[in-house]
2 protein chains.
Amino acid sequence: MAKFSKSDNCKNCLDCNMRIPMLSTLSRPELIELNENRFEVKFKAGETIFKQGTSATHLLILTTGLAKLYVEGVQDKQLIIRIIKPWEIIGQASLYFDNRHHYSIAALDNTTACFIEISAFKKAIQTNPLFAEEFIKNCTQKGIFSFEKMVSLSQKQMHGRIADGLIYLSGKVYEDLNFDLHLSRQDVADLTGMSKDSAIRILKEFHNEGIIELDGRKLKILNYGQLERISETG
Amino acid sequence: MAKFSKSDNCKNCLDCNMRIPMLSTLSRPELIELNENRFEVKFKAGETIFKQGTSATHLLILTTGLAKLYVEGVQDKQLIIRIIKPWEIIGQASLYFDNRHHYSIAALDNTTACFIEISAFKKAIQTNPLFAEEFIKNCTQKGIFSFEKMVSLSQKQMHGRIADGLIYLSGKVYEDLNFDLHLSRQDVADLTGMSKDSAIRILKEFHNEGIIELDGRKLKILNYGQLERISETG
DNA sequence: AATACAAATCGATATTTATCAGTCTTTTAC
DNA sequence: GTAAAAGACTGATAAATATCGATTTGTATT
């Protein structure tokens, strides 16, 4: 099922510097070197792209599809940290630590993933300060996102957390108030730190109150302001 | 009350490269430049060292004392992310984002803080790839710590979270099974994401079960293995 | 030492959230 | 096209956690 090739979708890293801000700081020879140390694999919905605990040898960039980034918590429970879209660089966390993956990635869709050798990446960091700076920018942004997520998970109750989840999905992932959800109900629960049954209940409540319209996986946010209010009041 | 000076404790950044791994990658002229763009301030226990939302112009290194790093969540609740010890570099999160502090720092003790100009630091990152690499290492490590914290906060119940808090304090902060707690009961609650009353209750339970010995702020861990077991079972 | 004030404590109660059991619906597999 | 499996949903109940009020302890101030 996994096809090793450089697809039409992603022929060459040289094209990627248009799409990935971080890569735009690299010179032509640097991009050529990256390109020589990468390969592509296709995944079907549900497949694990990489698994927490295994050794980290490559960074990951999706070129098509969506995936979930999650950590495996207590008693097989998953905590979804965020949803991965094409052209984000994934796997930095392990770069300089213990060369292990500290989270898992699973495809939510049929996806194409480009894997880049960590050593090629590290070399670029060492030789190109602008690239290093972009990399740092990226890391620190994620740190700030983490803080917000911790506050949501630990201080808000279920309505607030679901509101946060919906705001995140519509604002950051789908960039639309109207979208076709790739997440199962269980995934929504894992994203917002509650049981599946509770997630279903709150979503249904929001639906009944006219805040959202939810039919299966078709989701439309009808009253965004109300979601923001619920998010703030916890 | 705040005294602006370079104290005996921290005369010169040149001395700091012995104590701060990240600074050891800097050259002599780079350290001299850092040293020229820094100043020291003393804080009393309870004082705010910097406040979430204000503009970030300096990085912070404690040279004496302890402090708490926390984000201000919903309804004035605090979430303590971690405890700051001397010789850690604080404030990176804001370096390349929006130049705002995304968390507050408050002294838990009488502390001495060294403030380093952000621009001097950024310059070192741009010109010294080894330093940049150390900086990245630091960021990614914090990212991994964040994941663990999120799992603890969102998937464990109170006993597990208190166990995690105690393991953290004894392992990472005091590096001893026997210590004089700088945190109030409210702080312990804010570190573990629960109400003050609940934190008190669980601590008392642990005390009654002989897992810890707690008298006021004197804390001794009697059965570390048991704490680990409680942490794992949630 | 007496007073004032903040922090810690604790039992009772209310609220939030998870769990469970069962039904219904949709998708998948042959 | 039908059976089987997985996912979605719901109400009832149980468990976890927060809140409240009252009391005690500790600490700082005069």
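Every number in this text was worked out from the coordinates using simple rules, so none of it is lab data. Predicted, not measured: the structure shown is a model, and the values here were computed from it. No Cβ is skipped: glycine too gets one built from the backbone with ideal geometry, and neighbour counts run over all protein chains shown.
Taking region A:70-89, which residues are in a loop (DSSP other than H, G, I, E, B), more than 7 Å from every other protein chain (Cβ to nearest Cβ) and surrounded by fewer than 19 Cβ atoms within 10 Å (Cβ to Cβ)? Show your work before the answer.
Residues of region A:70-89 that are in a loop (DSSP other than H, G, I, E, B), as a first pass: A:73, A:77, A:85-88.
Narrowing the set further to residues that are more than 7 Å from every other protein chain (Cβ to nearest Cβ) leaves A:85-88.
Across region A:70-89, the qualifying residues are A:Lys85, A:Trp87, A:Glu88.
Specify the residue that is farthest from the other protein chains (Cβ to nearest Cβ); the eligible residues are those in region B:137-159 that are within 16 Å of DNA strand C (Cβ to nearest atom) and of a type outside the set (A, V, I, L, M).
B:His159
Hey, could you check region A:192-220 for residues that are part of a strand (DSSP E or B) and within 8 Å of DNA strand D (Cβ to nearest atom) and say which is surrounded by the most Cβ atoms within 10 Å (Cβ to Cβ)? So that I can check it myself, show each step before the final result.
Of all residues in region A:192-220, those part of a strand (DSSP E or B) come to A:212-215, A:218-220.
Keeping just the survivors that are within 8 Å of DNA strand D (Cβ to nearest atom) gives A:214-215.
Working: A:Leu214: 17, A:Asp215: 8.
Filtering region A:192-220 for residues that are part of a strand (DSSP E or B) and within 8 Å of DNA strand D (Cβ to nearest atom), the one surrounded by the most Cβ atoms within 10 Å (Cβ to Cβ) comes out as A:Leu214.
Looking at region A:195-208, I want the residues that are closer than 19 Å to A:Asn178 by Cβ and have a partner that is outside any helix (DSSP H, G or I) and near DNA strand D (Cβ under 8 Å from one of its atoms) with Cβ atoms under 6 Å, at least 6 apart or on another chain. Which pairs are those?
Partner pairs satisfying both residue conditions: A:Leu203/A:Leu214; A:His207/A:Leu214.
Picking from A:Gln186, A:Gln157, which residue would you name as being more than 20 Å from B:Lys149 (Cβ to Cβ), within 14 Å of DNA strand D (Cβ to nearest atom) and more than 16 Å from the chain's Cα centre (by Cα)?
A:Gln186
Return the total of residues in region B:183-220 being farther than 19 Å from B:Leu79 by Cα, in contact with a strand residue (DSSP E or B) (Cβ under 7 Å, 6 or more places away or on another chain) and of a type in the set (A, V, I, L, M, F, W, C).
Total meeting the criteria: 3.
Since B:Asp176 meets every condition but one in (1) facing chain A (nearest Cβ under 10 Å); (2) not in a helix (DSSP H, G or I), which condition does it not meet?
(1)
Give region B:179-232 a look and list any residue that's within 14 Å of chain A (Cβ to nearest Cβ) and more than 15 Å from DNA strand C (Cβ to nearest atom), or say none.
B:Glu228, B:Arg229, B:Ile230, B:Ser231, B:Glu232
Pull out all pairs, ordered by first then second residue, where Cβ-Cβ is under 6 Å, the residues are six or more apart or on different chains, the first lies in region B:78-99 and is closer than 14 Å to B:Pro21 by Cβ and touching a residue at least 40 places away in the same chain (Cβ under 8 Å), and the second is in a loop (DSSP other than H, G, I, E, B) and of a type in the set (A, V, I, L, M).
B:Trp87/B:Ile20
Based on this model, can you work out whether A:Ile162 counts as more than 16 Å from DNA strand C (Cβ to nearest atom) and either touching a Leu at 6+ places or on another chain (Cβ under 7 Å) or free of Cβ contacts under 8 Å to residues at least 60 places away in the same chain (or both)? Outline the logic, then answer.
Values: more than 16 Å from DNA strand C (Cβ to nearest atom): no; either touching a Leu at 6+ places or on another chain (Cβ under 7 Å) or free of Cβ contacts under 8 Å to residues at least 60 places away in the same chain (or both): yes.
Considered against the rule, which asks whether it is more than 16 Å from DNA strand C (Cβ to nearest atom) and either touching a Leu at 6+ places or on another chain (Cβ under 7 Å) or free of Cβ contacts under 8 Å to residues at least 60 places away in the same chain (or both), A:Ile162 comes out as no.
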